[in-house]
1. Springs between alpha-carbon atoms under 10 Å, Gaussian network over chain A: tell me which of A:Leu36, A:Leu149, A:Leu61 tops the mean-square fluctuations.
2. Consider just the alpha-carbon atoms of the stretch B:68-114 and return their Rg together with their Dmax, both in angstrom.
3. Given contacts defined as C-alpha pairs under 8 Å and at least six residues apart, what's the relative contact order of chain B, whole-number percent?
4. Estimate the FRET efficiency between B:His80 and A:Thr65 by the formula 1/(1 + (r/R0)^6), using the beta-carbon distance for r and 56 Å for R0, to the nearest 0.05.
5. Using just the alpha carbons, could you tell me how many Å³ per residue the convex hull of the stretch B:53-176 encloses?
6. Divide by every residue of the protein assembly as shown the summed helix terms, -39500 (n - 2.57) for each DSSP H run of at least 4, and state the resulting mean residue ellipticity at 222 nm, rounded to the nearest 500 deg cm²/dmol.
7. Kindly give the semi-axes, whole Å and largest first, of the ellipsoid equivalent to the stretch A:23-137, taking each as the square root of 5 times a Cα gyration tensor eigenvalue.
8. Taking only Cα atoms, what is the 0 to 90° angle, nearest 10, from helix B:237-250's long axis to the longest principal axis of chain B?
Amino acid sequence: MDQAVFLFDILLPALMQGLVITLQLIACSAPFGLALGIAVAVGRQYGHPAISWLCRTYVFLIKGTPLLLLLFILYFGLPSVGITLTAFMASILGFILCNGAYNAEYIRGALISIKEGQMVAARSLGMTRWQAIRSVILPQALRRAIPGLSNEFIYLIKYSSLAYMITVIELSGAGKLVATKYFTYTESFAAVGIVYLVLVSITTIAVNILEKRVAVPGTVRATPSAQL
Amino acid sequence: MNDNDIVLRVEDIHKSFGGIEVLRGVSFDVRRGETKVFIGPSGTGKSTLLRCINQLTPPDRGRVWLDGEEVTNSGARINHFRQKIGMVFQNFFLFDHLTAVKNVELALLKVRGMSKAEAREKALTELRQVGMEDWAEHYPAELSGGQAQRVSIARALAMDPDVILFDEPTSALDPELTREVLEVMKKLAKNGMTMLVVTHEMGFACSVANEVLFMENGVVAEQGSPDLLLNDPRFTRMKDFIGRIDSRMSD
């Protein structure tokens, strides 16, 4: 078979179909993962002791177990208690739970780094604790969490390939199918790798732009510490 | 003196941290338009006292009254009282992610529920009061310490407080910046703002204070007009304390 025919008529169309699923997985997971991360970090840091304990336990469980295990439980395990999810839904739920737990830790680190005076000043003006967190603490903490959160987003791009293990034919899965059918492992997986590289590169550039746009004037270090 | 003149009443405030009693029963009344200055060695509870007044630090015992209403034990209404009791901090505590004008606007929008246009106008008016109108669109990191402190004074003023607490407002500033902040505070005092000021600036205390309270070991050790504490032979503690500052400065 002609290389060009294989590449353009077989491999790339299959990968593009897989890519669409991968993008759907990411787009359906990332926003909720971020929201969950914020909620869990705030709950752990500022919530009632019971809520704080709940948040800590959730992060502990997710951090301590493989994502693949979580996906197996959600897809293969839950039907035995009467909850049946589609493979796509189970994947998204697993990704949100995983993404949320790691995001929560990045955000919690940023919350801790905001000086106490910010909260004190907000409360001294008559703001409630919640108003202070929302309008003063979080806007600053989220800026500081961007490098960590973008890292976690990039992980999400890559661990979305685990959906293949519960039958969702996303990018990696599509590559695997072509590879085994046409016995073209090197070409197929190299092509899959390049698509991931492109995705991650786009993310990195987007994050750089975002970081510059939300930077608070006067606080960006003009001199990188390597030059000090 | 009419009782209605008393805007703030502080009764027998006690506060301990980890078994160490920082405040051991402090009481005083503040009349409307009065400036009281608190002086004394570090660690004698002056800052803690201010924070007990607006409940940023809840006192162990004692009560605070604002305009006849109890501030202590007021539950969720504390947020109402805190609007009426402004506070200015040693390290300014401006909201780092907001411009000067937005620092002043924030509580107007969130706490007072003003419209954006209303809040903007009020914020600019307050910035004008402290001479920071031209810096409205600058961020805290772009301001000098003196400028930042003036913005934080504007932020407190914007809530139309009955009284403003100043917690060592110039201690983080060099002499020149100190002067510009003290000028603003003098102007406020002259315009009738009620102020409680913890400071080491004796010049400010003598020229502006209606009353000086010299604190030591968690109690008010001496109390009276600046003139009285400095010149009456019955009072010695504060003179000793200032004397030590003066002799250090003449070295």
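Where a number appears in this text, it was derived from the coordinates with a stated rule and is not lab data. Here the structure is a predicted model, which means the values were calculated and not measured. We place every Cβ from the backbone using ideal geometry, glycine too, and count neighbours over all the protein chains shown.
1. Taking springs between Cα atoms under 10 Å, the residue moving most is A:Leu61.
2. 12.9, 37
3. Relative contact order for chain B comes out at 25 percent.
4. Rounded to the nearest 0.05, the efficiency is 0.70.
5. 117 Å³
6. -17500 deg cm²/dmol
7. 33, 14, 12
8. Tilt of helix B:237-250: around 70 degrees.
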